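Visitor: If you scroll down you'll find the structure; I have some questions about it.
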Amino acid sequence: MRILLAGATGLVGSHALPILLDDPRCTRVIAPTRRPLPLRHAKLDNPVLDFDGVGAAARHWQVDAAICALGTTMKQAGSREAFRRVDHDYPLALAQSLREEGTEVFVLNSAMGADVGSRFFYSRVKGELERDLRALRFGSLVLVRPGLIGGERAGPPRAGERIGMAVLGVLGPVLPRAWRINPAESIARAMVGTALQPPPGEHVIDSAQLAG
């Protein structure tokens, strides 16, 4: 299978990339990024582009399935408009173009609590993206909804996540599975697994299934 991986430089995407490259079922990985990846591999195609044009670029990528791990934070984005552009507009533009070109499988790294009716902006944007992806009618749409993601991020640590990780790390054994830390590698493996062996229709993988 030819797989597109969007967000290969992020926490989850950086775990998904080597898993895809090591899997014999995957013959090609197209991983668009803003800056060239430091990795070279015979199966890897790394288009470097401005994601404002990701929809147009995707029309030239013939893939069997797409894994989308694009995302940012309000702090990194700097505004609600910029956050929505990265977490909603880019993934949707990508999905629309791929669907028009015949791609049947789309796997999204969404978030626990994604809901178009949420009073929280973050969760509402995630819910709106899920809604808009459903309208594209993929043969297989997988929505992965992790809670707090565990793993080493590039760049400066996020204070809120650092505190949350410390608390959940101590309380994890006595908490319900849905509230436990979701390791980035577990999320990546779930996404790769469903891309390479896609379930029909819509399928949700929640935080309890991803808990460490």
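The values are calculated or read from the model by the stated rules, or taken from the named source; none is laboratory data. Just so it is clear, the model here is predicted, and its values are computed rather than measured. Note: ideal-geometry Cβ built from the backbone for every residue, glycine included; neighbour counts use all protein chains shown. The accessibility values were calculated without ligands, DNA or RNA, using every heavy atom of the protein model including side chains. Shrake-Rupley method; radii C 1.70, N 1.55, O 1.52, S 1.80 Å.
Visitor: Among the numbered criteria (1) of a type in the set (A, V, I, L, M, F, W, C); (2) over 21 Å from Val142 (Cα atoms); (3) outside any helix (DSSP H, G or I); (4) modelled with pLDDT of 95 or more, which one does Ala57 miss?
Guide: For Ala57, the exception is condition (3).
Visitor: Would you check if Ala77 is open to solvent by less than 40 Å² (accessible area, probe 1.4 Å) and modelled with pLDDT of 95 or more? Walk me through how you get there before you give the answer.
Guide: On the way: open to solvent by less than 40 Å² (accessible area, probe 1.4 Å): yes; modelled with pLDDT of 95 or more: no.
In short, no.
Visitor: Does Pro38 qualify as being surrounded by fewer than 17 Cβ atoms within 10 Å (Cβ to Cβ), part of a loop (DSSP other than H, G, I, E, B) and of a type outside the set (A, V, I, L, M)?
Guide: Judged against the criteria, Pro38 is a match.
Visitor: Right, here's the next one. Please state which one of Arg137, Arg158, Arg119, Arg99 is of a type in the set (Lys, Arg) and either modelled with pLDDT under 95 or touching a helix residue (DSSP H, G or I) at 6+ places or on another chain (Cβ under 7 Å) (or both). Write out each step before concluding.
Guide: Details: Arg137 fails: either modelled with pLDDT under 95 or touching a helix residue (DSSP H, G or I) at 6+ places or on another chain (Cβ under 7 Å) (or both); Arg119 fails: either modelled with pLDDT under 95 or touching a helix residue (DSSP H, G or I) at 6+ places or on another chain (Cβ under 7 Å) (or both); Arg99 fails: either modelled with pLDDT under 95 or touching a helix residue (DSSP H, G or I) at 6+ places or on another chain (Cβ under 7 Å) (or both).
One residue alone meets the criteria, Arg158.
Visitor: Consider Leu136 carefully, then state whether it is over 25 Å from Ala211 (Cα atoms), in contact with a Phe, Trp or Tyr (Cβ under 9 Å, 6 or more places away or on another chain) and not in a loop (DSSP other than H, G, I, E, B).
Guide: Here the answer is no, as Leu136 does not meet what is asked.
Visitor: What pairs come out if I take residues in the range 33-52 that are among the aromatic types (Phe, Trp, Tyr) and pair them with residues that are surrounded by 13 or more Cβ atoms within 10 Å (Cβ to Cβ) whose C-beta lies under 7 Å away, six or more apart or interchain?
Guide: Pairs found: Phe51/Tyr90.
Visitor: Name the single residue that is most open to solvent (accessible area, probe 1.4 Å) among those in the range 19-35 being more than 11 Å from Ala8 (Cβ to Cβ) and in contact with a helix residue (DSSP H, G or I) (Cβ under 9 Å, 6 or more places away or on another chain).
Guide: By that ranking, first place goes to Arg25.
Visitor: A further question on this structure: State yes or no: is Gln62 surrounded by fewer than 18 Cβ atoms within 10 Å (Cβ to Cβ), closer than 21 Å to Val29 by Cβ and more than 12 Å from the chain's Cα centre (by Cα)?
Guide: Yes: the conditions hold for Gln62.
Visitor: A further question on this structure: Of the numbered conditions (1) under 23 Å from Tyr122 (Cα atoms); (2) hydroxyl-bearing (Ser, Thr, Tyr); (3) not in a helix (DSSP H, G or I), Tyr90 satisfies every one except a single condition; which is it?
Guide: (3)
Visitor: Could you say whether any residue in the range 108-119 is open to solvent by less than 60 Å² (accessible area, probe 1.4 Å), touching a Gly at 6+ places or on another chain (Cβ under 8 Å), part of a helix (DSSP H, G or I) and of a type outside the set (Asp, Glu)?
Guide: no
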